[in-house]
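Read the structure below first, then the notes.
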Amino acid sequence: MFDIIIGRLIFRIGYDMIKFIFVEKLVYFLIISTLVGFLSLGGCAKYSEEVQANLIKLKTTKSCLSCDLTGIEIKDLDLKNADLSGSNLTGAHLIRVDLTESNLTNANLTDAILVSAILTGSKLVNTNLSRVKLSYANLNGADISGSALIGATMNSSKIVNSKISNSDMTGANLYNANLTGTKITDETLKDVMLCKTIMPSGQRDNFGCKG
């Protein structure tokens, strides 16, 4: 009789332990599943709903006036003749994007990356291009009047027959850039880093080269 009681007690203890472990693992599984589901539904979305909607609009219509496009990341996209006037593109990555003849008037491209972008004939009037990265970009024939290019990186960029008037280029880097035929004053270029830079006259300026 005593053996039976002990056996039942051991069985009960074992059963309770297995049940406890099972329930504990089940709760853990449910918590993880819920968390994963939450993240997949947008709890950790790359863009806000507004930015995502604006990005879709831009890709489908090539027009997004005064839109919030903060931090978008696109590559090799055809945005010829796009209208982005007044839009916020702060910190955007527009790598090798074709913005030929686009309108970026009054847009904010602070800290944006437009490496190897094509901006031929584009309108960048009163545009904030502070600390923008335009290395190897093509800005031939662009109108960059009244814009802020403070600390802009424009090394090896093509800025031929363009217009840069009343713009602030303090601290901009024009290493190996080509400014042939571009309308720009010496005053605008006074605080710009010039090294191996082809000036509007066609002559190369190495004034800022070290060593």
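The values are calculated or read from the model by the stated rules, or taken from the named source; none is laboratory data. Quick caveat, the model's predicted, so the values are computed rather than measured. Cβ placement follows ideal geometry from the backbone for every residue including glycine, while neighbour counts extend to all protein chains displayed.
Miscellaneous remarks
- Selection over segment 67-106 of residues that are outside any strand (DSSP E or B) and either hydrophobic (A, V, I, L, M, F, W, C) or over 20 Å from ALA53 (Cβ atoms) (or both) gives a count of 21.
- Every residue from segment 134-157 that is crowded, with 24+ Cβ neighbours inside 10 Å and either touching an Asp or Glu at 6+ places or on another chain (Cβ under 9 Å) or more than 16 Å from ILE95 (Cβ to Cβ) (or both): ALA142, ILE144, SER147, LEU149, ALA152
- THR170 being surrounded by fewer than 17 Cβ atoms within 10 Å (Cβ to Cβ), in the same structural domain as LEU139 (by TED's automatic domain parsing), closer than 21 Å to LEU114 by Cβ and out of contact with any Gly (no Cβ under 6 Å at 6 or more places or on another chain): yes
- Filter result for THR120 (under 24 Å from ILE95 (Cα atoms), touching a Lys or Arg at 6+ places or on another chain (Cβ under 6 Å), β-branched (Val, Ile, Thr) and buried (at least 19 other Cβ atoms within 10 Å of the Cβ)): no
- Test: residue in segment 42-54 that is among the hydroxyl-bearing types (Ser, Thr, Tyr), farther than 26 Å from ASN173 by Cβ and within 14 Å of the chain's Cα centre (by Cα): yes
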